[in-house]
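Peer 1: Take a look at this one; I'll ask things after.
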Amino acid sequence: MQLTRSFGVFPVSILAAVVAIALWATAPLLAEQARSASPLSLATLTLVAGALATLPLGKSQGQKITHPGWRFSLWLGVPLLILGAVSSYFVGMRQAPASEAALITYTWPVLFVLLSQWTQLGRIRLRSLSGAMIAFAGAALLMLPEQGVAFDDASLNGYGFAFLAACCWALYSWVGQASPITLTPYLPRLLLIASLLSALATLALEGRLSVPSDSALWAGIALGLGPFGIAMVAWDKALRGGPSATIGSLAYGVPILAAALLVVTGATPLDWQLPLAGLLVVSGCLQASR
């Protein structure tokens, strides 16, 4: 039995986590290419594409939920978390530099570790708390203005939305781990509900629904198919099949890969703050999950 777990389920969960991480690393670059679209319109398109990408999974019969609280969490709480994560991420990427907003969003693994420890152990280990402080120090470093430059209110708002996205992803991951059923068979419907909520929010706040054009359209579809479609299925598989600390540790490579893609493609300039902040975030996350 132990050998089966060591050489069967465990490697599959690691592979699933690696797939999710690789796809998530492309999200900031794709979001930059879709910059001409409004955040809510882009979120609606992305979530619809994600629902279509995961549609084959909906044919499998999911487990029944008998507890009313979990039914409420599944059909309303999870779509709201998905919508909050995706829309806040896109808003943060608009109002703050892409690489900085992305790095702040990717503090979510350490939030996930802290939340998991609190719910499972009733306390947070000191090393996890110190790791969180290191990670958040890296995120705070990005918010320091350059010498002689005043704080930019728009950028500060963007940092706030990026952190809100991190909180939503951490809560989504915790729900996926704590849920009595796997979320994968329900994912197409959950993404579709989130897209409907996003469309309603777009109509309420922007007055109309619009389809992005040219590169923004294809970037939005790619975001839905990859980072917010296939990656979410792979992540759910990883969470259900492997230990949260190990899976969370692998996720710490996302900000490094994402920042590297932005720099290599010329989407963001390289300065001393970005690599140092990335090092602090990853080091803090690793410390938190030791």
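Just so you know, all these numbers are worked out from the coordinates, no wet-lab data involved. Model, not experiment: these values are computed from the prediction.
Peer 1: So how much slack lies between Gln120 and Asn157, counting 0.36 nm per residue of separation and subtracting their Cα-Cα distance, in nm?
Peer 2: Gain in length upon complete extension: 10.0 nm.
Peer 1: Work out, step by step, the length gained on full extension between Ser215 and Leu129: first 0.36 nm times the residue separation, then minus their alpha carbon distance; give nm to one decimal. Mind dumping the intermediate values first?
Peer 2: Values: separation 86, 0.36 × 86 = 30.96 nm, distance 4.20 nm.
The Ser215-Leu129 span can extend by a further 26.8 nm.
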